[in-house]
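Every number here is computed from the coordinates shown, using simple stated rules; none is lab data. Quantities reported herein were computed from a predicted structural model and do not represent experimental measurements. Note: ideal-geometry Cβ built from the backbone for every residue, glycine included; neighbour counts use all protein chains shown.
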Amino acid sequence: MPAQKQLQPAQLQKIWLLSDTLLYPEAVDFMQRMVKQGDPLPMSQVNGLLNITASNNYAELLRFVLHQRDRNWPFPKMNIKRFYTSLEVVLGKMQRERLRSEFHLLQDVSGRSTDDIRQEIDALMALLAREFIQHVLAENGVLLQQAEEERKKPKGQWVGGQGGERNRQQAQRGGSTDRQQNRQQQNNRRSQWQ
Amino acid sequence: MTSLENIAESAMKSTDVFDFIKKQIARHDDWRKPFKGHKDAYQGFGERLKTYLEKELPPKITIIYNSVGTGDATDKDRQRKEIYLMLIRQFIRQVVVQYEYRANTDKNSPEKES
């Protein structure tokens with residue numbers, strides 16, 4: 001495996017700044033959208049994804065994301081497929097468009113070989129993806145805990161804590177409680193058939 | 001609390017602190033326990049801390065930047081980021097000091113002893 005390209009301190013500074021100002025709110029939004037369509041990511045997936053991002057190897061990370069996306073997930077785990085499908089879209093767009101034209105992270109030096117540029121893109125993407133995924137997984141943790149609290153809650157009872165506040169906000173945004181009730185009804189129907 | 005202070009002191013980015021707070025909210029009941037009798041009683045310690053750092057602290061960055069910033073527009077974002085991180089560190093230091101003070105005084109209070 002070729003050695004990881006060393007990034008310039010200015011590039012690292014810029015990535016940290018982007019992480020704070022752009023990637024964090026985008027990651028929060030990404031995860032909130034995912035949860036509107038289904039359950040949060042289970043801990044087994046969180047751990048796997050964290051391990052891969054920690055390796056700082058973008059090619060390996062992308063291979064993992066594509067593998068998880070293309071797996072034949074059973075119906076109750078389709079949220080995992082949706083998560084990786086959306087994550088691949090976000091990372092792909094970051095690499096193809098945003099890295100160069102929006103983030104201006106690639107060093108503009110003439111006479112560089114294609115291989116050199118590709119290595120730099122990989123190193124930049126490994127860091128950007130790590131930042132984004134770490135923010136996504138932190139948000140997922142809160143949402144996962146909230147979902148567990150919801151499951152424990154007897155029907156019709158309000159649960160305090162931040163879960164309660166989030167539920168209230170989601171209900172105001174529209175229909176989350178209805179969706180949860182629908183899901184509960186579906187589960188009840190399913191358990192009747194089992 | 002010690003971990004919170006350590007994270008704040010060593011973080012390179014404000015979002016490292018936010019991610020840590022979220023992880024604590026997800027893992028520990030104490031970080032989620034609502035404050036009885038408070039106007040935002042539904043919010044636990046973690047969520048209140050996160051809301052304060054994310055929403056209430058940022059307006060102060062502009063005030064500080066306007067009084068001590070170099071005025072160099074190309075470096076504005078980086079300077080604001082530095083100020084934000086320093087404010088977060090300072091605030092968390094004070095929270096931890098207050099927590100330790102209250103935890104020990106409550107433990108030694110005559111009501112608890114009797």
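Across the range A:39-46, computed HN-Hα scalar couplings (Karplus, 6.51 cos²θ - 1.76 cosθ + 1.60, θ = phi - 60°) run 6, x, 6, x, 4, 4, 5, 4 Hz from first to last residue, x flagging Gly and Pro.
Peptide A:9-17 shows a mean partner chain C-beta count of 2 within 10 Å per residue C-beta. Placing dummy labels 7 Å off each Cα toward the beta-carbon, the span from A:Ala59 to B:Arg78 is 3.2 nm. Once both labels are positioned 7 Å from their Cα atoms along Cα-to-Cβ, the gap between A:Glu102 and B:Ala103 label points is 4.2 nm.
If each Cα of the range A:1-154 is one equal point scatterer, what is log10 of I(q)/I(0) from the Debye formula at q = 0.09, 0.13, 0.18 Å⁻¹? For the range A:1-154 at q = 0.09, 0.13, 0.18 Å⁻¹, log10 I(q)/I(0) is -0.32, -0.63, -1.10. Peptide B:3-10 has a mean shielding of 0, counted as Cβ atoms of other protein chains within 10 Å of each residue's Cβ. Among the listed pairs A:Lys81/B:Lys13; A:Lys5/B:Lys13; A:Lys153/B:Lys36; A:Lys5/B:Lys60; B:Lys13/B:Lys36, which are separated by more than 28 Å between their Cα atoms? From A:Lys81/B:Lys13; A:Lys5/B:Lys13; A:Lys153/B:Lys36; A:Lys5/B:Lys60; B:Lys13/B:Lys36, over 28 Å: A:Lys81/B:Lys13; A:Lys5/B:Lys60; B:Lys13/B:Lys36. Residue by residue along A:127-140, Cβ atoms of other protein chains within 10 Å of the local Cβ number 2 on average. Packing, taken as the mean count of other beta carbons within 10 Å per residue, orders the peptides A:97-103, A:5-11 from highest to lowest as A:97-103, A:5-11.
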